[in-house]
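Chemist: I'd like to ask some things about the structure below.
The values are calculated or read from the model by the stated rules, or taken from the named source; none is laboratory data. The structure presented is a predicted model; accordingly, all values stated were derived computationally and were not measured. Please note: Cβ atoms are built from the backbone with ideal geometry, for glycine as well, and neighbour counts cover all protein chains shown.
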Amino acid sequence: MGKRIRLLAMLLSVAMLVSLTLSCSLPGLPSAGDVVPGEEAPAGQLPAEETPPPRADYPFEMDTAGLENLDSYSYTFRLDGLSTMQGGVEELHLSIEGKRQVAPSRAEHLLFHSTSDGDVQDTELTYLEELGKMWIKEGQGDWQEMPAVDQSMLQIFDAFSFRFWWDAVFAGDPDKAQYAGEEAINGVPASHYTNTDPAFLGSVVSGCTFSSFGDDIWVAVDGNFPVKRELNAEANCQGESGSFNLYMEIRDVNQPLDIKPPV
């Protein structure tokens, strides 16, 4: 029991540490306001393909709180980072696969994997409110039922939720994101925005030269909640090079997730 309590506390500390690290690397972004205007066709004339160009004045609107209005969804979070500092190479790989349900009752499943400087950590957790039970599995070990469950233990699911990580990495909106059309992402109609200007990262990129930068964001048309994001960047900052690759998406929105007690 004591060991598993310490593990939960440690995982919460990891979540906070990584989120703080990301917050320092990617500070608060400015509010959306300016959007790069697109080229307009001559009056009365459509482009050759006879379809209007993507709207460049479509406002960027997103609210992660909209995720709380969903009955259920599953999600993926992946982060890969590589940096060369003082002649050495540091790597970070973090992945989270989760299922989150609030109706008809709360149920959670979380699979966490991280690799940092050769240190590997794998943890899996399941919680079913209707049973009042929580289980935990470390690495290749067996599932263990927690003999008692309190609210502090359930915070681990919030600390590794899709909304937590989105807000931890992206504290605001890029002010030059351009509307690129509407797409269905895992069955959810979504507005697609693109951004290739790293200036919104602020003072943390002072003195940095980006060899590549791309940020694609998909926001649900109905509800304005985040659906997917891909950010890939490579830069050299005062002689130290690094790359940052992030992928996030949600699936199975408002669908039965069939979260069961582990066997």
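Chemist: May I ask you to list the residues in region 60-117 that are aromatic (Phe, Trp, Tyr) and either assigned to a strand (DSSP E or B) or at pLDDT 95 or above (or both)?
Modeler: Across region 60-117, the qualifying residues are Tyr73, Tyr75, Phe77, Phe112.
Chemist: Which members of region 223-259 meet the condition of being touching a residue at least 24 places away in the same chain (Cβ under 8 Å) and more than 21 Å from Trp166 (Cβ to Cβ)?
Modeler: Residues satisfying the conditions are Glu234, Ala235, Asn236, Cys237, Gln238, Glu240, Ser241, Gly242, Pro256, Ile259.
Chemist: With the structure loaded, tell me whether Leu131 is part of a strand (DSSP E or B) and among the aliphatic types (A, V, I, L, M) or whether it fails that test.
Modeler: no
Chemist: Quick check on this structure: which one of Phe112, Phe160 is within 26 Å of His93 (Cα to Cα), of a type in the set (Phe, Trp, Tyr) and touching a Leu at 6+ places or on another chain (Cβ under 6 Å)?
Modeler: Phe160
Chemist: When you look at Gly242, is it within 20 Å of Phe60 (Cα to Cα) and among the small types (Gly, Ala, Ser), yes or no?
Modeler: No; evaluated as a whole, the condition is false for this residue.
Chemist: Could you tell me whether Asp158 is acidic (Asp, Glu) and either in a strand (DSSP E or B) or touching a residue at least 12 places away in the same chain (Cβ under 8 Å) (or both)?
Modeler: For Asp158, the condition - acidic (Asp, Glu) and either in a strand (DSSP E or B) or touching a residue at least 12 places away in the same chain (Cβ under 8 Å) (or both) - is not met.
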